[in-house]
Each structure stands twice: as structure tokens, then as C-alpha cells.
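Report on the structure given below.
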Amino acid sequence: MSDSLRFDGKVVVVTGAGAGLGRAYALLFASRGAKVVVNDLGGGRDGDGSSTKAADTVVTEITSAGGVAVPNYDSVLDGQKIIQTAIANFGRIDILINNAGILRDRSFLKMTDQDWDLIHDVHVKGSMLTTRAAWPHFRRQKYGRVIFTSSNSGMYGNFGQPNYSAAKMALVGLSNTLAIEGSSANIKTNVIIPTAGSRLTEDILPPELFNELKPEFIAPVVMWLCHEDCNETGAIIESALGWAGKCHLIRGNGAVLRKSLKDSVTPEDVRNNWATVVNMEGAKRCETIGEATGELMNVMEVLGTNKSDADGDKSGVMDYSMKNQYDFKQVILYALSVGAKLKDPMDFRYLYENHSDFAVVPCYYVVFGPATLMETDIIEKAFKGRSVNLAGIVHGEQYMKILQKIPTEAVIETKCKVLDVLDKGRNAVLLIEHETFNSETGEKLTTGRISAIARGAGGFGGPKQSHNEIPGVEAPKRAPDASYSEQTSTEQAALYRLSSGDLNPLHVDPSIAEMGGFKEPILHGLCSLGFATRHVLKMFAGGDPELFDSFRARFSKPVVPGQTLRTDMWRDGNRIHFQCVVVDTNNLVVTNAYVDLKKVKIGTKAKL
Ligand code: NAI
């Protein structure tokens, strides 16, 4: 790439190039070697009249400076003729800058059909017709650059410009779609939102600002967008005063308005959830329409896994709830208990409350389900008086989805419900739903599902399966896309008991472990899952906890504190399949597991 951006051999059409921004574009392109078609109807600011003077003056400016240019006096509504001028004079067209524009400002009440139609004709239909005339040439030569000119008036609204605002936003939609349709032929289309002193703004902008807002500061931005080295496409670029920035539409996380696929939505559900619907914290851009609709699958997943109130109580359902309050101390303790290290820059944010991005390891709320179970008699009641060895109950599977950003301090309430007690032969399996709410706002923050195995408690003639079970997904057969190993400490379970509130002595007391059928105390399955979650975020989310959406895992064999865990990971779109292996024994300890990310950001440590 040479230092100087050149356009030798390229042919540029600039519409409305007889004045203002268009003139600045035409002069700059000609000065960099392009052959320029200077189009201008030469009419008034509101679209009346026509004259050859505007285009001719700019052509003379270019040619007298040694450049190459020809005039065209057609309206952009005759876009075909404008493109034909380029073909007839220079044999090709490489770059089209749709810039021509007029104003017919009226408040909505006073606006006539003519005010609406003229504005839409010049801005939208004119840009469309001119671009459509150039399109076959771009496709044939597998090269084309198109600029559409929008306005802040459309982006944000502006009193007195309903016609203009609507037309200018129509161009954003047109550019977005043409960026997609043109991608296979190396055609790039972008939108410029300029703010410049011109006849369109002379009575709007204060004089001191008007003089500073030179079109010449915007022309280089448009020029770069049109250069063959620039890969930008489908972007909206705002520019003024020698500044340029990209604009995006973003979407908030929203709220799920019904409980399950069987429920409907009432207007009251909408009212009651409105604060969450319009909450833009954690809002993000969907890069494609596929991503936007794909995210709705998450809503389907939540609705599909939730049980309808209409289903009634089929399993002697019990509701238990427990309030918890935490602040940065518990957040840090939890991070330490799932292996976060001060020396690792991706972990540091979890361990220091004054860190600018201080955050909660995103699987933190998974602790409140088991903690609630330990604090209540939910398990004994679920077995309805049948004897069960509580010391033999182990965590089988876990699912959890984050619905809102997890605060670094909060008062929360976790509600647990036994969905089913399944008879799996020798063992029984309890399916327990846990949901955590922000006690102050009432917002649901996470929803989760535990499957707990009560060893030796099966054979009671209960159901073997349930639609409430969340199916596991096997890891791909190929070699992992990334792996990350970390040693747990011999005190890991002792630490995790404190951070999680799951005080089951099985994890520290050898005699209780023995009663439960284990040789020695074992690590909490959720602790291993915390390690794995950090590993996935490091490798596939650039360490950003906000990209975590949900996970599911099966705990297939116990881990003994002090052993080294290796997380093997496979990427499949935004889903990261993973499994954990104890390096010391080669035992697979976490299987059928995945983390769904909102977006993948390959971490610097990923060897991909
Ligand atoms: P300008 O009035 O100085 O230049 C527009 C040119 O377009 C004029 O020379 C005019 O004769 C020509 N034109 C109008 N209708 C035409 C048609 N049917 N066919 C061919 N040429 C035609 O205005 P300015 O400010 O340079 O505007 C350029 C573009 O930038 C316009 O699309 C405008 O809406 C847009 N824009 C300008 C902003 C600003 O701050 N100046 C802000 C936002 C958008």
C-alpha cells in the first residue's frame, strides 16, 4: 500500500457536485488522479429550476488545475443518463457518490404531499436510480464503491424535517442491503452523515460554526471509504470538523414476556416488564439479520425449558426461596474459589473492586441454587418420607442462563422448585429449577436447572424421564480447537464452600465422604464448572464476562482438590462445546457441556 491514496484510472461520479460537499468531493478525487463526472442540476435549494452553471464552474476548477472532469446537468431522477456520461466519456464507472440533495422543511402539520414526494424523489429515488444504473458495471468488473448521504436529522429526528428525516433513513436501509448484495462482486456501499457549512445549512448553523464546518474536512473520509484498500461496507460514518466516527443501531437485552411456550402474553405482562424491555444496559449491535433473529432462539430456549403455570403441579411441586445479600467481598471470594489468579490479566477484573471493569465471574449465581437446597428441607420433602442418604447426593447436571447483567453487589432472592423426581433404577434424580431475582427491582437475573443424583434412592416406581431434562450435547469428534490447563489447590473445596454457601461436608470431611461412598472429599462439580467457564471466556470471549450467555454441563466423575483440570474446547458458531479432563488421571470429569456466548472474541491465548 503506497503512502498516498491515488485514484489513477478510476472514474468517479459525484451527484450534486456543483456546490457544497459534492464540489469538495469532486475536487479532491480529481486532485488524486480520478476522472470525474460532475453532476448537478443547478436548481434552487428547494429543488426548483435548473442551470448548467454549477456543474460547469466545478469542471473548470478541476481542468484548470490539470485534472480531468466532464459536466452532467441531469437530475438524479435521470440517473441512467448520469452514468451514461461516465461510460461515454471515460468508458467505465468505479465510484458513485450519491450526494445531490434539496430541502423542503415544513412541520408535519403543514407538510404537503408535494413536499414529501419531492424530497423522497431526489434523495431516495434519485440515489436508487443512479446506483441501479451503475450496478451492472460494478458487478461485471467486480469492483464498485458507493456512498449514500444520510443525515443526523434522520438518525435523531429534527423539528420541521419529517420528509427529509424519513428519506435520509431510507438510504441507510438501502445501503445495508446493497452492502450484502454487492459483497460477492467486491462492491462496497457505505453511508456518510456529514455536517458541513453549505447553502443547505447557512440559515441553520451559527456563523462561527458554519465557517469551521468545512466540506473539505469530510471529503477525505468519503475518499478513504471509496479507496480499493478500504474494506468497510454497510457502515454509517458520521463526520464533521475533521472528526469521523461509526454509528450503529444497538439492541437491548429486552425481557421475555411470557413464562413458557404454552403461555400467552397479556398487555399487563408488557407493562410489568417495561423497565426491562427498555433497559439498554448491555445493549449490543447485531452484525447481521441472521444474528438478530438467531438471538430469538435463546428466547425459545428459555420458553422451552420453563414450565407453564398452566401445567399445574404435577410433582408435588414445592417452592422455596432464600434471600442473599452480597457485595464485592463475596464476588472476589467466589472468583478466588473458582481459580481466578491475580497474575492473569483476564482474571484481575474479578479480584479487585476498584478495577475499572470490576465484574462478577458470570457463573456466580449458579451457587444460589444448591445453597438454597442446603438451607431448606426441599430434598427430604421431595422424597416424601422415603429414606435417602443425603451424604450420597451429588450434582449430576447443571444449566444456567443469564438474563440480565450480574451486579457486583445486590440483594437477591433465589426461588427453587422441584420439577420432578425421576426413578433411574438404582439412583433417583431430582430436577430442580432455580431462578434468581433482584429483590430491589424484581428483575429476573438468571434461570437455572439442576439435576441432582441421589445414589441408591431409585427403584421406587417413579417416572424414568421428564420433558424438564435439558438434553446434553456431545463434544465434536475432532481434536479440540483450544485447551487450557490449571491446577486446583488442595484447599479449593474448602474455599468454594465459603464462597458458594454449599456447606455439604462431603467436600471437606473424610468421614462424611466415606459415608457417601467416596475415598476422600471431592471438589464441588460447580467449582470445576467455574474453572471451565473462565477457561472458555479466556479463549473465546477475550476474557469478557458480558459475552457469557448460558451453559450446560454434566458432572461425570469427581475431582479431588489439588488435581489439574484441563478444559478442551470446540467452537461451533457462538456455542463453545467443552469437556474437562483431570490431567493426573486422564478421567473425563465434565462432559456433554457447552457455553453459549453472545458473541465470540478469540482470546489472545487461543491457539487458533
Ligand atoms: P448543497 O445545496 O450545497 O449541494 C447540493 C447540490 O445538489 C446542489 O448543488 C444542488 O444543485 C444539487 N442537486 C439538488 N437536486 C438535484 C438533483 N435532482 N439532481 C442533481 N443535483 C441536484 O448542499 P450540501 O450541504 O452540500 O448537501 C449535500 C448532501 O449532504 C445532501 O444530500 C444533503 O442532504 C446532505 N447533508 C448535508 C448536511 C450539511 O450539514 N450540509 C447535513 C446532512 C446531510
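The values are calculated or read from the model by the stated rules, or taken from the named source; none is laboratory data. Just so it is clear, the structure is predicted and the values come from calculations on it, not from any experiment. Neighbour counts run over all protein chains shown; Cβ positions are idealised from the backbone, glycine included. Areas reflect the complete protein model, heavy atoms only, side chains present, ligands, DNA and RNA absent. Shrake-Rupley method; radii C 1.70, N 1.55, O 1.52, S 1.80 Å.
Values as computed for the structure displayed
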item: Area of Glu281 that stays accessible when all protein chains are in place (1.4 Å probe, Å², to 10); result: 110
item: Cβ-placed point charges (K, R +1; D, E -1), dipole of the chain about Cα centre in debye, nearest 20; result: 1500
item: FRET efficiency estimate (nearest 0.05) - Cβ-Cβ, Val270 to Trp224, R0 30 angstrom; result: 0.10
item: Length gained when the stretch Val473-Asn231 is fully extended (0.36 nm per residue, less Cα-Cα span); result: 83.4 nm
item: Net lengthening on full extension, Lys323/Glu287 (0.36 nm per residue, minus Cα-Cα); result: 9.1 nm
item: Peptides ranked, highest mean first, by Cβ atoms within 10 Å: ranges 120-131, 197-208; result: 120-131, 197-208
item: Heavy-atom accessible area per residue - the chain, 1.4 Å, Å²; result: 45
item: Sparse-neighbour loop sites [chymotrypsin sites (Phe, Trp or Tyr not before Pro); segment 116-175; at most 11 other C-beta within 10 Å; DSSP]; result: Phe159
item: Approximate shape of segment 333-464 as ellipsoid semi-axes (Cα gyration tensor, √5λ), whole Å, largest first; result: 34, 17, 11
item: Mean Cβ count within 10 Å, highest first, over the residues of peptides 171-180, 530-539, 271-280; result: 530-539, 171-180, 271-280
item: Span-like helix ranges in the chain, DSSP H, alpha carbon extent 27 angstrom or more, Kyte mean at least -1.0; result: 162-182
item: Ser356, Ser184, ranked by accessible area, largest first (probe 1.4 Å); result: Ser356, Ser184
item: Flagged links, alpha-carbon separation over 21 Å, of Lys401/Lys464; Lys405/Lys601; Lys557/Lys599; Lys405/Lys598; Lys262/Lys464; Lys417/Lys464; result: Lys401/Lys464; Lys557/Lys599; Lys262/Lys464
item: Solvent-accessible area, 1.4 Å probe, carbon plus sulfur percent, for segment 54-162; result: 54
item: Distance between modelled label sites at Phe460 and Asp56, nm, 7 Å Cα→Cβ extension; result: 9.8
item: Within segment 397-421: backbone nitrogen closer than 11 Å to the Glu375 label point (7 Å, Cα to C-beta); result: 412-416
item: Antiparallel DSSP beta bridges within the chain, as percent of all bridges there, nearest 5; result: 75
item: Arg199 versus Ile512: modelled label distance in nm, points set 7 Å from Cα along the beta carbon direction; result: 8.5
item: Residue-averaged [θ]222 nm for the chain, counting only DSSP H segments that reach four residues, each worth -39500 (n - 2.57); result: -9000 deg cm²/dmol
item: Coordinate range along principal axes, alpha carbons of the chain, Å, largest first; result: 97, 54, 45
item: Inter-label distance for Gln80 and Glu208, nm, one decimal - labels placed 7 Å from Cα along Cα-to-Cβ; result: 5.2
item: Contour excess over end-to-end distance, with Cα ends at Glu443 and Phe358 and 0.36 nm allotted per residue; result: 28.4 nm
item: Highest to lowest packing among 455-464, 213-222, 30-39, scored as the average C-beta count within 10 Å; result: 30-39, 213-222, 455-464
